[in-house]
Structures are given as C-alpha cells and as structure tokens.
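A.B. asks: Provided herewith is a single structure, encoded as structure tokens, for subsequent inquiry.
The values are calculated or read from the model by the stated rules, or taken from the named source; none is laboratory data. Because the structure is a prediction, the values reported are computed rather than measured. Glycine gets a Cβ as well: all are built from the backbone with ideal geometry, and neighbour counts include every protein chain shown. The accessibility values were calculated without ligands, DNA or RNA, using every heavy atom of the protein model including side chains. Shrake-Rupley method; radii C 1.70, N 1.55, O 1.52, S 1.80 Å.
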Amino acid sequence: MSESSKTADPQSLSPREENFLVAERRAKLARLRRRGEAFPNDFRRNARAGELQNQYADRERWDGAALEALHRKVRVAGRIRAKRTMGRVAFLPLEDESGRIQLFLRADRTPDYEELLELVDVGDLVGAEGSLTRTRSGELSVVVERLRILVKALRPLPDKWLGLSDIEQRYRQRYLDLIVHPEVREVFRLRSRLVAAMRRWLDARGFIEVETPMMHPIPGGAAARPFITHHNALGIDLYLRIAPELYLKRLVVGGFERIYEINRCFRNEGVSTRHNPEFTMLELYEAYADFEDIMALTEAMIRELAEELLGTTSLVWEGKKIDLGPEFRRVRLEELVAKHHPELPRNRLRDEETLRRYASAHGIVLPEQGGWGKLLLELFEKTIEPALIQPTFVTHYPAEVSPLARANDEDREVTDRFELFINGREIANGFSELNDPEDQAERFRAQAQAKAAGDAEAMPYDADYIRALEYGLPPTGGLGVGIDRLTMFFADRSSIRDVLLFPALRPEAD
RNA sequence: GGGUCGUUAGCUCAGUCGGUAGAGCAGCGGACUUUUAAUCCGUAGGUCGCAGGUUCGAUUCCUGCACGACCCA
C-alpha cells in the first residue's frame with residue numbers, strides 16, 4: 001500500500017454501517033475469543049453437502065435406519081443458512097459450494113448444545129462432525145456430535161426468502177449477491193466453462209495462446225478512446241490497450257501462424273448494459289487464411305461451444321429463440337442497407353449527399369464528419385443492427401471505417417471484413433488482415449488526419465507496426481470475439497453487468 | 001450529456017392530501033424433542049439518500065447534489 005494511498009485517511013478506515021445487529025454478533029465473537037475458538041483453521045472436512053445428497057438420494061433405500069447402520073462419520077463445513085430451534089433439538093441447514101445438507105443438533109447428542117445455539121447465527125461458517133440420518137420429514141441430516149464455529153459472521157445476511165433485490169448493492173457487494181443467489185454463481189460458472197472450452201477448442205486446432213502488452217506506448221487496433229497511465233521510471237505516458245491486434249499481428253510476422261489471446265481490453269467510454277470500460281476479448285490470427293475461413297471458424301466455434309456447454313444449438317436470449325444450427329446468414333452491408341431502405345438507390349449509397357438527405361428526411365441523426373463509409377455504417381447501426389436477431393454475418397465494410405482490414409480485390413472501397421450480429425448485438429468482428437505496408441501507411445495517415453480534425457477515436461500512426469509489415473505479414477485472417485457478450489448470449493442475460501463479477505460503478509460515497 | 005423512475009429499520013416493502021413513521025423476515029428475551037420461510041408469547045430497532053428553500057412545523061412540497069435503474073444521444 002503506497003503512502004499516498006487514499007486508505008491512509010483514517011476516516012476511510014472506519015467500518016461502514018455499524019448497528020445493533022453487528023454489535024450483537026461482535027459480542028458473540030468476543031465470547032468465542034474468550035473460549036479460544038475464534039477463527040480456527042484446523043477443521044478438515046471429508047464430505048461435501050451436494051455429494052452426500054447425491055449419494056443418498058434414494059429415500060427408499062437410504063431411510064433413517066439404513067443411514068444410521070452405516071455408522072459413517074462425516075465432517076462437513078459451510079455457511080449456516082437458517083436456524084430452527086425447537087427446544088431440545090435444532091435444525092441448521094448448511095450450504096457449501098456443492099449444495100445443502102441439514103445439521104440436526106440434539107441436546108442429548110451434541111456437546112455444549114445450549115451455548116452453541118446461543119453463539120451460532122445464520123451466516124456463520126461452521127464445521128460439523130456427526131453421523132447421517134433422515135428426519136421424520138425425510139430430510140437427509142447430519143446428527144451433530146461436534147460443532148465448531150469456524151468464522152463468526154459479523155453482519156447479518158439479507159432476507160432469507162426475498163434475498164437481495166437492490167441492484168446497486170448486488171453489484172457493489174457481489175460477494176453478498178453470490179452468497180444469497182445460487183443462480184448468480186451459475187452464470188459465472190458458465191462463463192468460466194465457456195472460456196475454458198474456447199481455449200480447448202482453439203488449442204485442439206493448433207492455436208497457441210500468447211500474452212501481449214496491456215500497456216501500450218501507442219494506442220491502436222481499434223477505434224476507441226484509451227485510458228492513460230504513467231510510467232514513473234521511464235517518464236512516459238502509456239495507454240491501457242484498447243485491443244491487442246497490432247501486437248498479435250507482429251507475432252504473425254515473427255512466424256507464429258496460429259495464435260490467440262483471451263484477456264482484458266480497456267476503452268474509456270460510457271457504461272451501459274452492453275459496455276463496460278474493461279471487457280474481455282478473444283483475438284485470434286491464422287496465417288494463410290482469409291475472412292471467409294475466419295467466418296467459417298467463428299460459426300463452427302460458437303455452434304460447437306453451445307453444443308458442448310448447453311447441449312443444444314437452439315438458444316433463447318431475451319425471449320427470442322436463436323438457432324445456431326443452420327448456416328449463419330451472410331449478407332453484404334450495402335445490400336442490407338438497400339433492402340431496409342428501398343428509397344435509397346443501391347447505386348447511390350456511396351454518396352454523402354444522398355445519405356445525408358435521406359437521413360435528415362427520416363429523422364436519423366448522422367455524424368457531421370466523415371465520408372460515405374462512416375455515414376453508411378452509422379445508418380446501418382441505427383436502423384438495421386437492432387433487427388438482426390438470428391446469427392448474421394454482415395460483410396464488406398467500407399475501407400474508411402476499417403483501417404486495418406484488407407481491401408477487396410474487386411472493389412477497393414470496401415474491405416474483406418465481417419461482423420457477426422446476434423439479437424441485435426455485435427458479437428464478433430473479423431477480416432482479412434491488411435498486410436500491404438504501403439496501403440497500411442496510407443490508412444494510418446488518413447486516420448491521423450481524422451484525429452487532427454477532432455476524431456478522438458481515430459488511430460495514431462504506428463511506425464513500428466509499419467516496419468513490421470515491411471518485413472512481411474503473411475496473408476492472414478483475424479477475429480475478435482466479445483467474451484462478455486457471448487456469455488450474455490449463452491447465459492440469457494440482458495446486461496453486461498450480469499456477466500461481470502465486479503462491473504464498473506462510481507465509487508460509493510463515504 | 002438529456003429524460004423518466006427510484007433511494008424509508010440489517011433485508012424486502014408499506015405509509016404520511018405537511019403535525020418527526022409501520023409490517024414481514026432477521027435480532028433480543030421466553031416456550032417447544034423431527035423442523036423445511038417452523039410455530040406461539042413478549043420486546044427492541046429509524047438523521048425517511050445528502051444539502052438548501054418554503055412553512056409555526058418537512059420524511060412528505062420546491063430546488064440543487066449524490067448514487068443507481070431504464071430509455072435517448
């Protein structure tokens with residue numbers, strides 16, 4: 001912790017929201033300390049709740065007598081989720097990561113019965129040792145012969161039935177959200193399995209995972225505003241990466257033919273249900289492949305991941321059935337615009353005046369700067385993108401808005417590029433990489449001009465990247481996939497915050 | 001950046017046409033030897049987001065601010 005850190009302020013060290021409930025629990029903790037039983041770490045469990053529930057799920061076979069005849073001593077540990085005392089007996093459901101099992105305390109079997117019940121609260125972490133039985137109502141239970149409070153919870157849990165519904169508190173105190181809502185834990189398990197499966201999928205196809213810098217002297221690889229930080233020893237500003245693209249392609253120059261990186265990118269932009277300032281992206285590059293190959297790869301990967309993780313290619317997202325089974329639709333950007341806007345003649349789309357007149361006649365606000373490519377893209381994003389529900393590859397984006405993509409051989413004003421949309425959201429972006437250093441230098445100069453003219457998202461000229469291309473980047477196809485959005489899709493969530501453990505929020509006021 | 005809505009007990013929520021507030025759960029005390037949101041009796045718990053204004057009096061009305069949600073840019 002650095003001296004200049006804000007936590008040096010004694011005010012910020014004071015605990016939040018002390019109240020009589022906390023005081024009550026602190027007093028119990030004090031009693032535990034006097035007994036020499038506070039925060040032990042020598043309890044070792046030999047069973048987990050969910051495994052016991054599975055093992056003895058058959059109630060006919062495993063009735064109370066059969067369970068007791070086992071004479072099996074189990075040691076389980078976890079959080080107490082309720083407390084039902086009935087005088088000489090008490091029931092304490094205990095939850096660990098695998099599930100729940102009920103602790104059955106009996107005054108005649110559990111030493112220190114009275115005092116333990118006084119000391120233990122809902123929310124405490126306990127270790128219990130005992131034998132298995134089934135209660136009259138059929139609940140698999142541990143008859144507790146020894147109970148130890150491993151951690152005294154000083155704060156009460158939210159309402160046992162209604163849980164935690166304050167969305168702000170759920171994001172700020174995700175740990176509480178996770179304790180109270182098992183289904184939230186499931187979302188993040190799915191996310192973990194998705195990323196792991198994606199790595200396996202790519203590894204199996206000969207891709208290797210690499211790690212490139214997160215701090216860039218020159219921000220590049222995407223159209224976005226970067227975060228700026230400072231390196232004291234070097235005395236320079238650095239930019240948190242907005243994309244790993246330019247480093248990954250340098251590695252393809254160096255001879256790695258199939259590489260990928262799954263990690264965080266940072267963009268200094270607004271927060272919304274689909275944007276977080278830090279987010280996770282897969283980027284991959286395959287030498288001697290083009291955007292058609294990459295589209296096929298993207299489609300196969302998403303389809304097969306759904307099959308593996310969800311057991312189906314028929315998903316539901318926000319109530320809409322999304323079918324990953326059939327071949328994804330492929331359509332050129334300009335065709336799509338012409339189809340949705342019949343009054344716009346197909347052969348006049350590359351005309352700024354036509355686009356502007358049409359937009360203002362229809363109340364569509366377009367940016368003041370930019371050529372036909374930028375205007376057309378804006379028109380698409382505003383009027384068509386939200387309607388692309390089934391998986392759709394939109395292809396051949398204007399070169400003007402694709403400064404790192406290879407120009408199409410028949411039509412130099414567009415690029416061999418695609419974006420994949422599902423349920424109105426951009427999921428992936430890929431293209432044949434621009435490997436002509438002179439063309440790339442020209443595009444960088446155009447970007448630098450746009451930047452000078454006030455476009456904060458335009459890319460700066462990266463001379464070393466041009467130098468790398470001058471040694472020869474193989475013909476290459478590349479891909480970026482938004483992991484957060486893909487998780488939203490697989491987990492059927494509407495907000496990116498629901499797939500981020502700690503979404504960006506303004507700091508809590510003290 | 002703009003609009004709408006929200007912020008009341010630890011949690012989930014009522015409520016006050018302006019007279020400083022209630023419930024359920026959680027808590028505390030008691031009863032209870034098979035509960036499943038246990039039940040029953042009793043009890044305690046609040047800077048009504050923050051700051052101003054209007055008013056004899058503001059949690060309530062007005063303004064500003066903070067944080068959040070949704071929509072728009």
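A.B. asks: So, in segment A:89-99, exactly how many residues are more than 9 Å from RNA strand B (Cβ to nearest atom) and at negative phi?
C.D. replies: Looking only at segment A:89-99, we keep the residues that are more than 9 Å from RNA strand B (Cβ to nearest atom), and these are A:94-99.
Checking the rest, the ones that are also at negative phi come to A:94-98.
Residues meeting the conditions: 5.
A.B. asks: Is it true that A:Ser98 is hydroxyl-bearing (Ser, Thr, Tyr), open to solvent by 20 Å² or more (accessible area, probe 1.4 Å) and at pLDDT below 95?
C.D. replies: no
A.B. asks: Select from segment A:365-375 the residues that are open to solvent by 60 Å² or more (accessible area, probe 1.4 Å), over 16 Å from A:His341 (Cβ atoms) and not in a helix (DSSP H, G or I) and list them in ascending order. Quick ask: steps written out before the conclusion?
C.D. replies: If we filter segment A:365-375 for residues that are open to solvent by 60 Å² or more (accessible area, probe 1.4 Å), which is where we start, we get A:365, A:368-369, A:374.
Still in the list and also over 16 Å from A:His341 (Cβ atoms): A:368-369, A:374.
Those that are open to solvent by 60 Å² or more (accessible area, probe 1.4 Å), over 16 Å from A:His341 (Cβ atoms) and not in a helix (DSSP H, G or I): A:Glu368, A:Gln369.
A.B. asks: Of the residues that sit in segment A:301-321 and are touching a Ser or Thr at 6+ places or on another chain (Cβ under 8 Å) and among the charged types (D, E, K, R), which one is least open to solvent (accessible area, probe 1.4 Å)? Walk me through how you get there before you give the answer.
C.D. replies: Step one: filter segment A:301-321 for residues touching a Ser or Thr at 6+ places or on another chain (Cβ under 8 Å), giving A:303, A:306-307, A:318, A:321.
Checking which are among the charged types (D, E, K, R) leaves us with A:303, A:307, A:318, A:321.
Working: A:Arg303: 48, A:Glu307: 94, A:Glu318: 70, A:Lys321: 125 Å².
This residue is A:Arg303.
A.B. asks: Within segment A:124-138, take every residue that is more than 37 Å from the chain's Cα centre (by Cα) and open to solvent by 30 Å² or more (accessible area, probe 1.4 Å) and give me the one that is farthest from RNA strand B (Cβ to nearest atom).
C.D. replies: Among them, the one singled out is A:Glu129.
A.B. asks: Just wondering, is there one or more residues in segment A:427-435 that are modelled with pLDDT under 95, under 28 Å from the mean Cα position of the chain (by Cα) and open to solvent by 20 Å² or more (accessible area, probe 1.4 Å)?
C.D. replies: No, there is no match, as no residue in segment A:427-435 is modelled with pLDDT under 95, under 28 Å from the mean Cα position of the chain (by Cα) and open to solvent by 20 Å² or more (accessible area, probe 1.4 Å).
A.B. asks: In segment A:51-82, what residues are over 16 Å from A:Gly138 (Cα atoms), within 16 Å of RNA strand B (Cβ to nearest atom) and under 35 Å from the mean Cα position of the chain (by Cα)?
C.D. replies: A:Val76, A:Gly78, A:Arg79, A:Ile80, A:Arg81, A:Ala82
A.B. asks: Does segment A:147-160 contain at least one residue that is free of Cβ contacts under 8 Å to residues at least 60 places away in the same chain, more than 9 Å from RNA strand B (Cβ to nearest atom), closer than 30 Å to A:Ala65 by Cβ and open to solvent by less than 70 Å² (accessible area, probe 1.4 Å)?
C.D. replies: yes
A.B. asks: Please work out if A:Glu413 is touching a residue at least 12 places away in the same chain (Cβ under 8 Å), surrounded by fewer than 21 Cβ atoms within 10 Å (Cβ to Cβ) and either within 20 Å of A:Lys320 (Cα to Cα) or of a type in the set (Val, Ile, Thr) (or both).
C.D. replies: When the stated conditions are applied, A:Glu413 does not pass them.
A.B. asks: Here's something else I'd like to know. Residue by residue through segment A:206-224, note down the ones that are part of a loop (DSSP other than H, G, I, E, B), in contact with a Lys or Arg (Cβ under 9 Å, 6 or more places away or on another chain) and surrounded by 14 or more Cβ atoms within 10 Å (Cβ to Cβ). I'd like the intermediate steps shown before the answer.
C.D. replies: To start, the set of residues in segment A:206-224 that are part of a loop (DSSP other than H, G, I, E, B) comprises A:206-207, A:210-214, A:217-224.
From the residues that got through so far, the ones that are in contact with a Lys or Arg (Cβ under 9 Å, 6 or more places away or on another chain) too are A:206-207, A:212-214, A:219-222, A:224.
Those that are part of a loop (DSSP other than H, G, I, E, B), in contact with a Lys or Arg (Cβ under 9 Å, 6 or more places away or on another chain) and surrounded by 14 or more Cβ atoms within 10 Å (Cβ to Cβ): A:Phe207, A:Thr212, A:Met214, A:Pro219, A:Gly220, A:Gly221, A:Ala222, A:Ala224.
A.B. asks: Would you check which residues across segment A:171-203 are open to solvent by 60 Å² or more (accessible area, probe 1.4 Å) and within 12 Å of A:Phe502 (Cα to Cα) and list them?
C.D. replies: Answer for segment A:171-203, where residues must be open to solvent by 60 Å² or more (accessible area, probe 1.4 Å) and within 12 Å of A:Phe502 (Cα to Cα): A:Arg172, A:Tyr175.
A.B. asks: Just the residues that are among the hydrophobic types (A, V, I, L, M, F, W, C) and either open to solvent by 90 Å² or more (accessible area, probe 1.4 Å) or free of Cβ contacts under 8 Å to residues at least 40 places away in the same chain (or both), please, taken from segment A:332-364.
C.D. replies: Just the residues of segment A:332-364 that are among the hydrophobic types (A, V, I, L, M, F, W, C), to begin with: A:333, A:336-338, A:344, A:349, A:355, A:359, A:361, A:364.
Passing the criteria: A:Ala338, A:Leu344, A:Leu349, A:Leu355, A:Ala359, A:Ala361, A:Ile364.
A.B. asks: Out of the residues in segment A:452-510 that are among the small types (Gly, Ala, Ser) and touching a strand residue (DSSP E or B) at 6+ places or on another chain (Cβ under 8 Å), which is most open to solvent (accessible area, probe 1.4 Å)?
C.D. replies: In this case the residue turns out to be A:Ala504.
A.B. asks: Give all pairs with beta carbons closer than 7 Å in which a residue from segment A:24-49 that is of a type in the set (Lys, Arg) meets a residue that is assigned to a helix (DSSP H, G or I) and modelled with pLDDT of 95 or more; count only pairs at least 6 apart in sequence or on separate chains.
C.D. replies: Every condition considered, the pairs that remain are A:Lys28/A:Leu119; A:Arg31/A:Leu119.
A.B. asks: Could you please find all residues in segment A:160-195 being assigned to a helix (DSSP H, G or I), more than 20 Å from A:Glu95 (Cβ to Cβ) and more than 15 Å from the chain's Cα centre (by Cα)?
C.D. replies: A:Ile167, A:Glu168, A:Gln169, A:Arg172
A.B. asks: Taking the residues in segment A:247-291 that are in a helix (DSSP H, G or I) and free of Cβ contacts under 8 Å to residues at least 60 places away in the same chain as candidates, determine which candidate is nearest to A:Gly221 (Cα to Cα).
C.D. replies: Here the residue is A:Tyr247.
A.B. asks: For segment A:227-244, how many residues are within 16 Å of A:Asn263 (Cα to Cα) and either assigned to a loop (DSSP other than H, G, I, E, B) or open to solvent by 80 Å² or more (accessible area, probe 1.4 Å) (or both)?
C.D. replies: 4
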